[in-house]
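Everything on this sheet refers to the single structure shown next.
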Amino acid sequence: MPEGDTVYQTARRLTEVLAGNTLVRGEIRHPRLSTLDLAGRVVLGARSVGKHLFVRFDRDLSLHNHLGMDGSWRFYRPGARLSHQARAVLATSTTTAVGLNLQQLSFVPTPEEHRLVDHLGPDLLDPSWSDQHAAQAVARLKAQPDKEIGVALIDQRLMAGVGNVYKAEVCFLLGISPWTPVSEVDIEKAVRLSRELLLRNATSPARNTTGDPRRDRTLWVYGRTRTGCLRCGGRVLAADQGEELRERVTYYCPNCQPGPRG
């Protein structure tokens, strides 16, 4: 599932492969965007902001896209057969980058990228992250004291980058139920843990929150309804959390995470 670390890695990979190269083929497979041919444009690089991704070209043009639940960028040799799920095709003389199942596709002048992400909270993987960013994230979270912490952590308007996996893992490491009100949580620690976990995984292909590289021991509770809590061995429960349109499955260990349940 794409979260802040996945999008960050994707931006890095796009930059490594495409930056400084001229496109021999550049097309966006979307009715509103298909008329703009990107062939001949030079790719300057890519950047992530939370779960949003911008691919930058010369002449102040950026392609904004969101990976959503199923999106990804894949890389192929020239001439490879493309999937019907391809939404963006950026090809140089040596590599073809293909965006699959991308969401929120749009072109925007590079100096105006901020218009599409100004609504987001501080980006936990922002290279310029500072104490001011942390304080802003804490303030935004504390401004909604009655909100369930599991819902608050994935609200990108409060703090950008955390998804369902990190939500479950952060709540576990805090030792609290995901349904605990924000007012009863050490929010400073929640922000710090969120950034630490994302930063730890920002350059790693295999997501790990436990520090144990062994198979089936990389996550504390997420997805462990069959294998049990990695700390106590007890049963991990799963329950829906959030409003209907934004409802997500939440994993937690009732033994290690006391408090209200879903």
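The values are calculated or read from the model by the stated rules, or taken from the named source; none is laboratory data. Keep in mind it's a predicted model, so treat the numbers as computed, not measured. Note that each Cβ is placed from the backbone with ideal geometry, even for glycine, and that neighbours are counted across all protein chains shown.
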Inside the range 241-262, can you point out the residues that are under 18 Å from Asn164 (Cβ atoms), of a type in the set (A, V, I, L, M, F, W, C) and surrounded by 15 or more Cβ atoms within 10 Å (Cβ to Cβ)? Val249, Cys253
Anything in the range 1-50 that is in a loop (DSSP other than H, G, I, E, B), under 15 Å from the mean Cα position of the chain (by Cα) and not acidic (Asp, Glu)? List them, or say none. Met1, Pro2, Gly50
Considering (1) of a type in the set (Ser, Thr, Tyr); (2) modelled with pLDDT of 95 or more; (3) more than 27 Å from Pro127 (Cα to Cα), say which one Thr35 fails and leave the rest. (2)
Answer yes or no as to whether Val170 is under 25 Å from Gln9 (Cα atoms) and touching a residue at least 24 places away in the same chain (Cβ under 8 Å). yes
Looking for something in contact with a Ser or Thr (Cβ under 9 Å, 6 or more places away or on another chain), small (Gly, Ala, Ser) and not assigned by TED's automatic domain parsing to the domain that holds Ala152 - is there at least one such residue anywhere in the range 231-242? no
Odd one out for Ala238 among (1) exposed (fewer than 14 other Cβ atoms within 10 Å of the Cβ); (2) touching a strand residue (DSSP E or B) at 6+ places or on another chain (Cβ under 8 Å): (1)
